[in-house]
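Colleague: This is the structure, below, for whatever I ask next.
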Amino acid sequence: PKTDLIPSLGIFVIDLDRPLAEVMATRAQSGVIVAGLLSGEPVTLTDLAVGDLITTINGKAVKNKQELLQDLNTFKTGDAIALEVERRGVTQYVAFEME
């Protein structure tokens, strides 16, 4: 649904909860899971994949999708953004410029 869309990233997300954290075998207490990618325009501007768990944005913890949306809205075009992402149990960073 549209409520789960993060338009600036071109992704659909769901909030991490305890049952999902157990299934994913993550130690993260909070974050959002990439549940889908937009197709067509605009396409995702990042190297995110379905199943990625976004835990921080520029070092700030992401607690839920509302907080992620609020944080993204504070950036201007050209600002550098780094997301800390857990993918299959491995932590990595996805960096991009806001468009």
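Colleague: In region 16-26, how many residues are under 17 Å from the mean Cα position of the chain (by Cα) and more than 15 Å from GLY51 (Cβ to Cβ)?
Modeller: 1
Colleague: Quick one: is VAL94 aliphatic (A, V, I, L, M), touching an Asp or Glu at 6+ places or on another chain (Cβ under 9 Å) and under 27 Å from ALA25 (Cα atoms)?
Modeller: Spelling it out, VAL94 is indeed aliphatic (A, V, I, L, M), touching an Asp or Glu at 6+ places or on another chain (Cβ under 9 Å) and under 27 Å from ALA25 (Cα atoms).
Colleague: Under the condition of being surrounded by fewer than 16 Cβ atoms within 10 Å (Cβ to Cβ) and not charged (D, E, K, R), which residue from region 1-19 is nearest to GLU97 (Cα to Cα)? Lay out the reasoning, then the answer.
Modeller: Step one: of region 1-19, the residues surrounded by fewer than 16 Cβ atoms within 10 Å (Cβ to Cβ) are 1-4, 7, 14, 17-19.
This time we only want the ones that are not charged (D, E, K, R), so: 1, 3, 7, 14, 19.
Values: PRO1: 26, THR3: 24, PRO7: 15, ILE14: 23, PRO19: 33 Å.
Checking each candidate, the answer is PRO7.
Colleague: Something else: List the pairs whose first member sits in region 6-27 and is within 15 Å of ILE81 (Cβ to Cβ) and among the β-branched types (Val, Ile, Thr), whose second member is assigned to a strand (DSSP E or B) and open to solvent by 20 Å² or more (accessible area, probe 1.4 Å), and whose Cβ atoms are under 7 Å apart, counting only residues at least 6 apart or on separate chains?
Modeller: Pairs found: ILE11/LEU37.
Colleague: When residues of region 52-90 are filtered for being in contact with a strand residue (DSSP E or B) (Cβ under 8 Å, 6 or more places away or on another chain), under 16 Å from SER30 (Cβ atoms) and exposed (fewer than 13 other Cβ atoms within 10 Å of the Cβ), how many remain?
Modeller: 1
Colleague: While we're on this one: If the Cβ limit is 8 Å and pairs must be 6+ apart or interchain, which residue in region 55-84 that is touching a residue at least 40 places away in the same chain (Cβ under 8 Å) pairs with which residue that is part of a helix (DSSP H, G or I) and surrounded by 13 or more Cβ atoms within 10 Å (Cβ to Cβ)?
Modeller: LYS65/ASP4
The values are calculated or read from the model by the stated rules, or taken from the named source; none is laboratory data. Predicted model, so just to flag it, every value in this text is computed and none were measured. We place every Cβ from the backbone using ideal geometry, glycine too, and count neighbours over all the protein chains shown. Ligands, DNA and RNA are stripped out before the accessible areas are found, and what is left, the full protein with its side chains, is counted by its heavy atoms. Shrake-Rupley method; radii C 1.70, N 1.55, O 1.52, S 1.80 Å.
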